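> Take a look at the following structure, please.
The values are calculated or read from the model by the stated rules, or taken from the named source; none is laboratory data. Remember, predicted model here, so these are calculated numbers, not experimental data. Every residue, glycine as well, gets a Cβ built from its backbone with ideal geometry; the counts of neighbours run over all protein chains shown. Note: areas computed on protein heavy atoms with side chains; ligands, DNA, RNA excluded. Shrake-Rupley method; radii C 1.70, N 1.55, O 1.52, S 1.80 Å.
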Amino acid sequence: RGWAGRRPTVAPPILADRQGGHHRPRRGSTSGTCHTDRLASLSVTAPGDVPPEVLDRLRPICLGLPETYEEPAWVGTRWRIRKRTIAHVLTVDPDRQPVHARAAAVGQPACLLTFRSPLDEIAGLLATGHPFYKPDWSPNVMGMVLDANTDWEEVGELLTESYCVMAPKRLAARVIPPAPPIG
């Protein structure tokens, strides 16, 4: 039958979001911004937005590592060393990011952090259960649900390890790795 008589598919326009990133509106959406009451309760303004208090905790950890920079991700915020992501934080709405929601086993909006972990430490993190989970998109990617019970010192250690996994050896050597847990 070929292409004769078929109309070309036109993608919706790409819209700038409030962080300077870009996105396409969801099918059936009348605007470029989407907002749900559930996300409003998390003090966010658009899908994937992260509560400012979480970003305030993560920024000094990530930006304190050599040559790390912050940028808007496809949704949420990520920190990178060169072109390698060391941490990605986003608020997942199960209706909009079902893959993330399934991986973290969350049925309502939740703030999630993904990071890299040495392969020999993944089983130990998973054995502790919540807040840790294992996304299946890369062997060394781990996830963590960020909530009122988050141990921010542990987050700092995990993100430092993530940096050491992803950074060039010369830069990773400049970072003092976290001490192993006692006991």
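> Hey, any idea what % of the range 45-146's accessible area is carbon plus sulfur with a 1.4 Å probe?
54
> How large is the charge dipole for the range 132-173, taken about the Cα centre, if only the Cβ atoms of Lys, Arg (+1) and Asp, Glu (-1) carry charge, to the nearest 20 debye?
It works out to roughly 360 debye.
> So for ASP93, ASP151, what's the accessible-area order with a 1.4 Å probe, most first?
ASP151, ASP93
> Classify the range 98-155 from the C-alpha gyration tensor, please: rounded if a/c falls under 1.5, else prolate or oblate depending on whether a/b exceeds b/c.
It is oblate, given that a/c is not under 1.5 and a/b is not larger than b/c.
> Using the reciprocal of the averaged 1/r over all distinct C-alpha pairs, how large is the Kirkwood radius of the range 43-183 in Å?
15.3
> Summing Lys, Arg as +1 and Asp, Glu as -1, what charge do residues with Cβ under 15 Å from the Cβ of ARG174 carry, ARG174 excluded?
Residues close to ARG174 contribute a combined charge of +1.
> So with the 1.4 Å probe, I'd like the accessible area per residue for the range 80-183, rounded to whole Å².
52
> By how many nm would the segment from LYS169 to ASP95 lengthen if fully extended, with 0.36 nm per residue of separation less the alpha-carbon distance?
So the extension gain works out to 22.7 nm.
> Here is a follow-up. For the peptides 153-166, 129-142, what is the packing order when you average, over each peptide's residues, the other Cβ atoms within 10 Å and list the highest mean first?
153-166, 129-142
> Would you kindly calculate the mean projected area, averaged across all directions, of the convex hull enclosing the Cα atoms of the range 55-116, in square nanometres?
4.3
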